[in-house]
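Asker: Have a look at this one.
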Amino acid sequence: MKLRALIPLIIFLALVILLAFGLTNDPKKIPSPLINKAAPDFSLPTVLNPEQIVSRSDMLGKVTLFNVWASWCAACRDEHPLLVEFAKQNNTAIYGLNYKDQRGDAIRWLQAFGNPYVSSAYDVSGNVGIDWGVYGVPETFLVDKKGIIRYKQIGPVTRQIIRDEILPLIHKLENEQ
Amino acid sequence: MKKISKVIQVILLSMIAYGSPASVNIYEFEDPVKKERFYQLIDELRCTVCQNQTIAESNAGLAKDLRNRVYTMIQEGKTDKEIKTFMVERFTDFVLYKPPVNNSTLLLWAGPAILMLAAFIFLLLNIRKRLSTPTNEIDEQQHKRVQALLEQENNHD
């Protein structure tokens with residue numbers, strides 16, 4: 001009889017757990033299925049020089065960050081100073097993917113806010129973006145020496161994310177042969 | 001009366017505008033089968049930025065790009081399965097409006113059936129319990145008292 005009285009409480013607790021789970025999970029954040037897979041191939045002209053080509057093979061042999069950005073993206077502007085700071089303080093190369101932007105706007109943006117990128121690929125059609133599974137700018141990938149994606153951040157990186165997640169993982173990946 | 005019918009007309013028309021797909025681009029196909037496959041595929045793929053819309057319905061830039069990608073892939077002769085695999089490899093099963101049955105979606109697919117089964121078992125147990133409990137029988141003495149009371153009542157009328 002006593003057990004019966006507990007049933008509403010048990011149902012209530014189950015509901016609380018279910019709702020807590022739903023509330024703490026952001027449905028907008030889709031875990032990337034590309035993690036631990038080879039970074040998609042690409043070959044595009046750079047933002048600064050249409051004659052110069054940047055491709056996936058340029059990224060091989062070192063741990064790199066691959067940051068998807070655009071001049072029309074407000075959150076990219078919040079993130080940008082952190083990337084500039086990161087590039088100054090660390091040896092890790094940042095490659096950019098300028099996503100569905102206008103070349104003139106992108107160049108002006110880099111001139112105004114600084115250029116933390118080794119080079120930025122100019123993806124005006126967004127096709128390389130689709131290959132990389134980009135659906136919200138900014139996105140940042142961490143790619144290891146063999147060209148395998150090891151981490152993905154959807155939305156702007158923060159100081160905390162750089163300190164607690166990106167930097168420790170970079171150190172770990174650099175020690176891999 | 002005329003005014004009311006006008007109002008109704010406007011309401012109905014606005015509903016039509018709402019229901020039409022957002023795809024502004026006209027996609028041309030030589031093969032009607034490919035055309036049908038295209039419209040079916042874009043109706044099954046979820047737009048990842050504007051969740052709860054398919055890429056056929058959405059006006060978002062990404063949805064448009066994905067429609068274009070599906071179009072080129074169909075023109076290249078890719079099968080429906082290849083196109084879906086391509087999307088899932090990039091955007092997970094989430095991109096499919098009809099997710100496949102696997103470990104993480106098992107509860108989703110089996111959930112309603114399990115709940116239904118649980119409700120059925122609960123119902124069955126309850127019925128059985130009710131059938132097995134004896135009905136409230138009264139002994140002879142009580143029976144006589146009831147009859148006496150009823151008679152008394154009848155005499156009063």
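The values are calculated or read from the model by the stated rules, or taken from the named source; none is laboratory data. The shown structure was predicted, so the numbers you read here are calculated from the model rather than taken from an experiment. Heads up, the Cβs are rebuilt from the backbone with ideal geometry, glycines too, and the neighbour counts pull from every protein chain shown. What goes into the accessible areas is simple: the full protein's heavy atoms, side chains included, and nothing from ligands, DNA or RNA. Shrake-Rupley method; radii C 1.70, N 1.55, O 1.52, S 1.80 Å.
Asker: Using a Cα-Cα cut-off of under 15 Å, which aspartates and glutamates could be cross-linked to residue A:100, ignoring same-chain neighbours fewer than 8 residues away?
Answerer: Cα-Cα hits under 15 Å: A:123, A:131, A:139, B:65.
Asker: In whole percent, and with a 1.4 Å probe on the protein chains, what portion of the accessible area of chain B is carbon and sulfur? Don't skip to the answer; put the middle values down first.
Answerer: Values: 7520 of 12400 Å².
Whole-percent figure for carbon plus sulfur exposure: 61.
Asker: Next question. Rounded to the nearest whole Å², what accessible area per residue is found for segment A:22-177 with the 1.4 Å probe?
Answerer: Details: 7410 Å² over 156 residues.
Value returned for segment A:22-177: 48 Å² of accessible area per residue.
Asker: Right, here's the next one. With heavy atoms of protein chains only and a 1.4 Å probe, what residues of segment A:2-42 have at least 50 Å² less accessible area in the full set of chains than alone?
Answerer: Those are A:30, A:33, which lose 50 Å² or more relative to the chain on its own.
Asker: Still on this model: Using the charge dipole of chain B (Lys, Arg: +1 at Cβ; Asp, Glu: -1 at Cβ; taken about the Cα centre), state which of B:150, B:112, B:138 has its Cα farthest towards the positive end.
Answerer: Result: B:112, furthest along the dipole toward the positive end.
Asker: What whole-number value in Å² describes the accessible area per residue of segment B:77-152 for a 1.4 Å probe? Provide the component values of the computation, followed by the final result.
Answerer: Details: 6620 Å² over 76 residues.
Per residue, segment B:77-152 has 87 Å² of solvent-accessible surface.
Asker: Right, next: I'd like the orientation of helix B:140-156 relative to chain B: the angle between its Cα long axis and the longest Cα principal axis, in ° from 0 to 90, rounded to 10.
Answerer: Value to nearest ten degrees: 90.
Asker: Find the percent of Cα-Cα distances in the protein assembly as shown that exceed 24 Å, and round it to a whole number.
Answerer: Working: 38419 of 55611 pairs.
Result for the distance tail: 69 percent.
Asker: Calculate how many DSSP beta bridges within the protein assembly as shown are antiparallel, expressed in % of all such bridges and rounded to the nearest 5.
Answerer: Details: 17 of 28 bridges.
Bridges in the protein assembly as shown that DSSP calls antiparallel: roughly 60 percent.
Asker: Using a 1.4 Å probe on protein heavy atoms only, how many Å² of accessible area do B and A hide from each other, summed over both chains and rounded to 100? Don't jump to the answer; show the numbers that get you there.
Answerer: Details: alone 13100 and 10350 Å², together 22040 Å².
Buried: approximately 1400 Å² between A and B.
Asker: Taking 30 Å² as the minimum loss, tell me which residues in segment A:116-132 lose that much accessible area going from the chain by itself to the full protein complex (1.4 Å probe).
Answerer: Residues meeting the cut-off: A:130, A:131.
Asker: Ok, one more. Work out which helices of chain A, taken as complete DSSP H runs, extend at least 20 Å along their axis over the Cα atoms and score a mean Kyte-Doolittle of 0.0 or more, then list them. Present the calculation step by step, with values, prior to reporting the outcome.
Answerer: On the way: long enough: A:2-24 (34 Å, 2.28); A:74-89 (24 Å, -0.29).
Long hydrophobic helices here: A:2-24.
Asker: Another question, then. Which angle between 0 and 90 degrees, to the nearest 10, do you get for helix B:2-19 versus the longest principal axis of chain B when only C-alpha atoms count?
Answerer: Long axis of B:2-19 versus the principal axis of chain B: about 70 degrees.
Asker: Hey, another quick one. Using a 1.4 angstrom probe on the protein heavy atoms only, line up A:62, A:2 by accessible area, largest first. Kindly include the intermediate steps, with their values, before the conclusion.
Answerer: On the way: A:62 75, A:2 175 Å².
Largest accessible area first, the list is A:2, A:62.
Asker: Right, next: Count of lysine pairs in segment A:1-87 with Cα atoms under 30 Å apart, counting only pairs 8 or more residues apart in sequence or on different chains?
Answerer: Details: A:28/A:37; A:29/A:37; A:29/A:62; A:37/A:62.
Close lysine pairs found across segment A:1-87: 4.
Asker: Where the only charges are on Cβ atoms (+1 Lys, Arg; -1 Asp, Glu), what is the dipole of the protein assembly as shown about its Cα centre, to the nearest 20 debye? Before the final figure, lay out each step's value.
Answerer: Values: 39 positive and 36 negative charges, 51 e Å.
For this selection, approximately 240 debye.
Asker: What span do the alpha-carbon atoms of chain A cover on each of the three principal axes, reported in whole Å from largest to smallest?
Answerer: Largest first, chain A extends 81, 39, 29 Å along its Cα principal axes.
Asker: Quick one: order A:176, B:76 from most to least accessible surface, probe 1.4 Å. The partial results should precede the final answer.
Answerer: Values: A:176 65, B:76 125 Å².
Putting A:176, B:76 in descending order of accessible area: B:76, A:176.
Asker: So, in nm, how far is label residue B:141 from label residue A:85 when the simple model puts each one 7 Å beyond its Cα toward the Cβ?
Answerer: In this crude spin-label approximation the distance works out to 9.2 nm.
Asker: If you take each beta carbon of peptide B:105-117 and count the beta carbons of other chains within 10 angstrom, what is the mean?
Answerer: Values: counts 0, 0, 0, 0, 0, 0, 0, 0, 0, 0, 0, 0, 0.
Taking all residues of B:105-117 together, the mean is 0.
Asker: While we're here: If I stretch the segment between residue A:145 and residue A:163 completely, what's the gain in nm (0.36 nm per residue apart, minus their alpha carbon distance), one decimal? Display every interim value, and only then the final one.
Answerer: Working: separation 18, 0.36 × 18 = 6.48 nm, distance 2.07 nm.
Full-extension gain reported as 4.4 nm.
Asker: How long are the semi-axes of the ellipsoid equivalent to segment A:7-67, from square roots of 5 times the Cα gyration tensor eigenvalues, in whole Å, largest first? Intermediate values should be presented prior to the final figure.
Answerer: Values: eigenvalues 456, 32, 13 Å².
Equivalent-ellipsoid dimensions as semi-axes: 48, 13, 8 Å.
Asker: Where does the charge balance sit around residue A:69 when Lys and Arg score +1, Asp and Glu -1, over other residues with C-beta under 12 Å from its C-beta?
Answerer: Values: positive: A:77, A:100; negative: A:78, A:79, A:101, A:105, A:123, A:139.
Once all neighbours under 12 Å are counted, the net charge is -4.
Asker: With every protein chain left in place and a probe of 1.4 Å, what is the accessible surface of residue B:116, to the nearest 10 Å²?
Answerer: Here the accessible area works out near 140 Å².
Asker: Also, quick follow-up: How large is the dipole of segment A:17-88 about the Cα centre if only Lys and Arg carry +1 and Asp and Glu carry -1, each at its Cβ, rounded to the nearest 20 debye?
Answerer: Numbers: 7 positive and 7 negative charges, 38 e Å.
Magnitude of the dipole: close to 180 debye.
Asker: Using a 1.4 Å probe on the protein heavy atoms only, what accessible surface does residue B:90 show? Give it in Å² to the nearest 10.
Answerer: The accessible area comes out at roughly 30 Å².
Asker: Considering protein heavy atoms only and a 1.4 Å probe radius, which residues within segment B:83-101 exhibit an accessible-area decrease of no less than 50 Å² in the full assembly relative to the chain by itself?
Answerer: B:90, B:91, B:92
Asker: About its Cα centre, what dipole magnitude does segment A:113-174 give when the only charges are +1 on Lys and Arg Cβ and -1 on Asp and Glu Cβ, stated in debye to the nearest 20?
Answerer: Values: 7 positive and 7 negative charges, 43 e Å.
Once rounded to the nearest 20, the dipole reads 200 debye.
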